[in-house]
2 protein chains.
Amino acid sequence: MKDGIEQYKRWLSRYAKLDLIYIKSGGDVNKLPKERILYNEAVKLIKYIRKNSFNILLDKSAKQLSSEAFSKFLNDIFMHSNKAEILFTIGGVHGVDNSLESKFDMKLSLSRMTFTHEFTVLILLEQLYRAFKIINNEKYHY
Amino acid sequence: MKDGIEQYKRWLSRYAKLDLIYIKSGGDVNKLPKERILYNEAVKLIKYIRKNSFNILLDKSAKQLSSEAFSKFLNDIFMHSNKAEILFTIGGVHGVDNSLESKFDMKLSLSRMTFTHEFTVLILLEQLYRAFKIINNEKYHY
């Protein structure tokens, strides 16, 4: 999985600057109460939710976009918004603290299904790569 | 990607017998007309769509299930149907020939987004693995 993530990071570097930031829960997620985990994560996460970012929370129950619509959506942000970057947030074991939800500009679902965090990263990177290919009218393999 | 597929195949072998069958289009998909490709693939695909299989066609526009619902759905087929196996079909570059659509028992979507075929296989295997973990009440990593 890690190899796949590294490969997409290399491929994506042609199109955009990409940072992958992993936030530690700061304790044993199997032992700490849910509220404590969400709070610990929220304290660390909030500093990445910036005013000049377009902040997207991945949420499996949210709206889904086709790959074409996703690429158009990204292009619109790059071309027509005053946002300098796009932040995609994947929640932790218990999701993201309620107090942060209003800070996001949008919720997006990649699938109704649940994936591991790493798998979700891989799917997101694949779709970002596909989106840049579509934006640039480049051929993509099937 | 291939390594990931192999790994999930190994993990899944604890729970079920799994065959991955790749059908060749029998020609250059960039040169042959769409109808010809669909026909070539259909002729090869049809023999795998058996009466004693529960035949599922993956289609990004179809109904989606949560991972929990997918696991319950698989369990119901195994426990309460007279089907000996489940076939998941991922269409080719142009999908699956219309003449075959009525042969499937169900259409299922993993996501509205488009993935490469190999990536779709990987996502499907991950969800099958997760489904068996859920069915067997086993812990799954996040």
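The values are calculated or read from the model by the stated rules, or taken from the named source; none is laboratory data. The model shown is predicted, which means the values in this text are computed figures rather than measured ones. Cβ coordinates were reconstructed from backbone atoms using ideal geometry, including for glycine residues, and neighbour counts include every protein chain displayed. Surface accessibility is based on the protein's heavy atoms, side chains included, excluding ligands, DNA and RNA. Shrake-Rupley method; radii C 1.70, N 1.55, O 1.52, S 1.80 Å.
Let me know the mean shielding of B:61-70 by other chains, meaning the per-residue number of their Cβ atoms within 10 Å of its Cβ.
The mean count of partner-chain Cβ atoms within 10 Å per residue comes to 3.
Looking at this model, which pairs from B:Lys63/B:Lys103; B:Lys47/B:Lys72; B:Lys83/B:Lys103; A:Lys139/B:Lys34; A:Lys107/B:Lys133 are more than 19 angstrom apart at the alpha-carbon?
Checking Cα-Cα distances, B:Lys47/B:Lys72; A:Lys107/B:Lys133 exceed 19 Å.
Could you sort B:24-31, A:37-44, A:61-68 so that the peptide with the highest average Cβ count within 10 Å comes first and the rest follow in order?
Highest mean packing first, the order is A:37-44, A:61-68, B:24-31.
I'd like to check one number: the per residue accessible area of the protein assembly as shown, probe 1.4 Å, reported in Å² as a whole number.
57 Å²
Counting only protein heavy atoms and rolling a 1.4 Å probe, how much accessible area do B and A lose on contact, total for both sides, in Å² to 100?
Rounded to the nearest hundred, the buried surface is 2400 Å².
Sequence-distant or interchain residues sharing an amide H contact under 5 Å with A:Leu65, placed H: which?
Counting only residues 5 or more places away or on other chains, the set is A:Ser109.
How big is the dipole moment of chain A about its Cα centre under a simple scheme where the beta carbon of each Lys and Arg is +1, that of each Asp and Glu is -1, and everything else is neutral? Debye, nearest 20, please.
For this selection, approximately 160 debye.
To the nearest 20 Debye, how big is the dipole of the protein assembly as shown about its Cα centre, given +1 on the beta carbon of each Lys and Arg and -1 on that of each Asp and Glu?
In total the dipole reaches around 80 debye.
Tally Lys and Arg at +1 and Asp and Glu at -1 over the other residues with C-beta under 11 Å from the C-beta of A:Val29: what net charge comes out?
+2
Give a residue-ordered list of calculated ³J(HN,Hα) values for the stretch B:61-66 (Karplus: 6.51 cos²θ - 1.76 cosθ + 1.60, θ = phi - 60°; whole Hz; x for Gly, Pro).
8, 7, 5, 10, 10, 5
Restricting to chain B, what percent of DSSP beta bridges are antiparallel, rounded to 5?
If I count the DSSP bridges inside chain B, around 10 percent turn out antiparallel.
Going by a ≥ b ≥ c, the root eigenvalues of the Cα gyration tensor, does the stretch B:48-90 fall in the rounded group (a/c under 1.5), the prolate group (a/b larger than b/c) or the oblate group?
oblate
Carbon and sulfur: what percent of the stretch A:4-113's accessible surface (1.4 Å probe)?
Ligands and nucleic acids excluded, carbon and sulfur give 50 percent.
Around A:Leu87, which amide H atoms from residues at least 5 apart in sequence, or from another chain, sit under 5 Å from its own amide H, with H modelled in the peptide plane?
Close amide H contacts, sequence-distant or interchain: A:Phe54, A:Asn55, A:Ile56.
So if R0 is 51 Å, what FRET efficiency would A:Arg50 and B:Gln7 give, r being the distance between their Cβ atoms, rounded to the nearest 0.05?
After rounding to 0.05, the efficiency reads 0.85.
Could you point to the residue in A:Ile37, A:Leu20, A:Leu58 farthest towards the positive end of the stretch A:13-60's charge dipole, with +1 and -1 charges on the Cβ of Lys/Arg and Asp/Glu respectively?
My answer, from the dipole projection, is A:Leu20.
What whole-number distance in Å separates the alpha-carbon centres of the stretch A:15-64 and the stretch B:65-142?
29 Å
Identify the residue of chain B whose Cβ lies closest to the rotation axis that maps chain B onto chain A, and give that distance in whole Å.
Spelled out as residue then distance in Å, it is B:Ser111, 2.
Over the whole of B:114-123, what's the average partner chain Cβ count within 10 Å per residue? Rounded to a whole number, please.
5
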